[in-house]
Each structure stands twice: as structure tokens, then as C-alpha cells.
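The structure under discussion appears below in the form of C-alpha cells.
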Amino acid sequence: MKFGKLPARPDAVQLKLSTYLDSSVLPDIPAEFGHEQVIPAYGMLGNDTVGDCVLAGAAHETMVWAGEAGHTVQFDTAAVESDYSAITGYDPKRPETDVGTDVQAAASYRRRIGIIDSAGQRHRVGAYVALTPGDPAQLAAAAYIFGAAGMGFQFPAYAMQEFSDQKPWDVQPGTPEISGGHYVPVVARRSGLFSVITWGRVQEMTPEFYTRYCDEALVYLSTELLTAGRSPEGFDLAALQADLKALTSN
């Protein structure tokens, strides 16, 4: 498995979710939520051979949004790697160019140009804002309201064994070796654990792991999760846009 998130740049995304989301009018966030099971197979999308995790995550987020609205969007390795190349300069013939992706640069690309699916269609987000890294309550609200949230984090080496054993990522004692930066979509919360998509499948994560290792997080406004102008949770487009108003400057 490969990683590929470049180091977080504090305040690279200047617009903060906490500025635009009024907690006093938010709905209660259910203890359990998510639509991760609407996708039968997520696919590796090249992240076993190159460090395209940020773009693979973007594709997985888009698949979930479309699935929530009852649509099917498919991505393949070639499509995801083409966007990875466009953003980072990656050349498959030159392995030394596989250097990973800046999360803010990818988010800007997704808003301006959009990621391409296997049918050649591009999928753009309307806006993106930064979450407070490591705040599980804010993460839950963002993932619930907007269908997914992107988590960038430092991957502790021991978590690869937890992934292989299909055990939740959790905090272990001591100061672990860090294998690299990684990016995953957070798409659900069940039984007190967050569900993320990585390396082609659903992986669980404790809130404590998120707090310990997250160094940047984003949420995106995508109209792809809407059916007749409403999200699966009942939020209408106007309400979503009001929550993320004035976010077209990045």
C-alpha cells in the first residue's frame, strides 16, 4: 500500500467551517449515520502502486455522494492517475515524480476543473472549507451534513497491521514510527467509530485516533448527493449553500 499526502500547510485553506456553520441551528448529529454501503466495491484506484491517495479519496467521495442520490459513478486507475499527473506532474515513466499531493492544491483543482471518471465526465465541488484538525465532534457534523469529509493524517506504522487484520485504527502507547502522510474520506459513524474509505474498502477508526494523528481536514459542498434538491439527510440545497456561503474565493 502507498501513501502520498504531502505535509499539511497550516491555514493553506483560509476559510474555516467553524466560521460558517452556526452550531446553534445545527440538527442533532445521530450517534450512527452514513451511506458507505451504497457502494459495492470502491476499488484501489492505483493507491497500491503510486501515492495518489488524495485523488483516490476524491474519487471515493464522489462515488459516495452519487450513490447517496441513487446514481452510479465509476472511476478507474487510469482516470485517477491522470488527475494525479495533472496536479502534481507525475509521469508514470519517471518513478521519481511520484511525490504525492498537496491537499489544498487538489481541493482547488476539484473546484476549478473537477476530477474525471472512467466515462470521461468531470465532477466538480462547489466549495471547500477547512475543519479544525482532530475535533471529532466537528468531523461528525461535517460528514453527516455534507455526506463525507476528507481527513489528512500522519500514518503510524502499526496501523497497517490493524488494517490488514480489519481492526479499527486506534491509539497505541508510545511514540510510533510514522510511515507517511495519508488521505481518506470519512463517510460514516457507527458504534462510536468513524468509517473511512482507504485502499479499496471501509476501515474503522476511533475518535482518539483522529484526534491524535489528523493534521488537516476538509469538507466539500457537492450537489451530487442531492435528489430533488435535498440530501439523504433532508438538507436542501439552499440550506447547504447558506451554511457554506461566500466560499468561492479559494
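The values are calculated or read from the model by the stated rules, or taken from the named source; none is laboratory data. Every value quoted in this text rests on a predicted model; they were computed, and no experiment measured them. Glycine also receives a Cβ, built like all others from the backbone with ideal geometry; neighbour counts cover every protein chain displayed. Areas reflect the complete protein model, heavy atoms only, side chains present, ligands, DNA and RNA absent. Shrake-Rupley method; radii C 1.70, N 1.55, O 1.52, S 1.80 Å.
Some observations on this one:
- Across the range 127-160, the qualifying residues are those that are in a helix (DSSP H, G or I) and surrounded by fewer than 18 Cβ atoms within 10 Å (Cβ to Cβ), and the one among them that is farthest from the chain's Cα centre (by Cα) is Tyr158.
- Qualifying residue in the range 47-54 (condition: on the phi < 0 side of the Ramachandran plot and either modelled with pLDDT under 85 or open to solvent by 70 Å² or more (accessible area, probe 1.4 Å) (or both)): yes
- For beta carbons closer than 7 Å, sequence separation of 6+ or different chains, a first residue in the range 118-145 that is touching a residue at least 40 places away in the same chain (Cβ under 8 Å) and among the polar types (S, T, N, Q) and a second that is crowded, with 23+ Cβ neighbours inside 10 Å and assigned to a loop (DSSP other than H, G, I, E, B), the qualifying pairs are Ser118/Phe75; Gln138/Leu131.
- With a requirement of 2 or more residues that are over 18 Å from Val125 (Cβ atoms), touching a residue at least 40 places away in the same chain (Cβ under 8 Å) and of a type in the set (Phe, Trp, Tyr), none of the helices (runs of 4 or more DSSP H) lying completely within the range 1-107 satisfies it.
- Exactly one residue out of Gln37, Gln14, Gln74, Gln104 is closer than 28 Å to Gly134 by Cβ, surrounded by fewer than 23 Cβ atoms within 10 Å (Cβ to Cβ) and at pLDDT 95 or above, and it is Gln104.
- Qualifying residue in the range 109-126 (condition: assigned to a helix (DSSP H, G or I), open to solvent by less than 40 Å² (accessible area, probe 1.4 Å) and not aromatic (Phe, Trp, Tyr)): yes
- So Gly234, is it in a loop (DSSP other than H, G, I, E, B) and either modelled with pLDDT of 95 or more or open to solvent by 10 Å² or more (accessible area, probe 1.4 Å) (or both): yes
- The single condition from (1) over 14 Å from the mean Cα position of the chain (by Cα); (2) modelled with pLDDT of 95 or more; (3) among the small types (Gly, Ala, Ser) that Ala188 fails is (1).
- Residue count for the range 78-119 satisfying the condition of being within 18 Å of Trp65 (Cα to Cα) and of a type in the set (D, E, K, R): 3.
- With respect to (1) at pLDDT 95 or above; (2) in contact with a Ser or Thr (Cβ under 8 Å, 6 or more places away or on another chain), the lone exception for Gln172 is condition (2).
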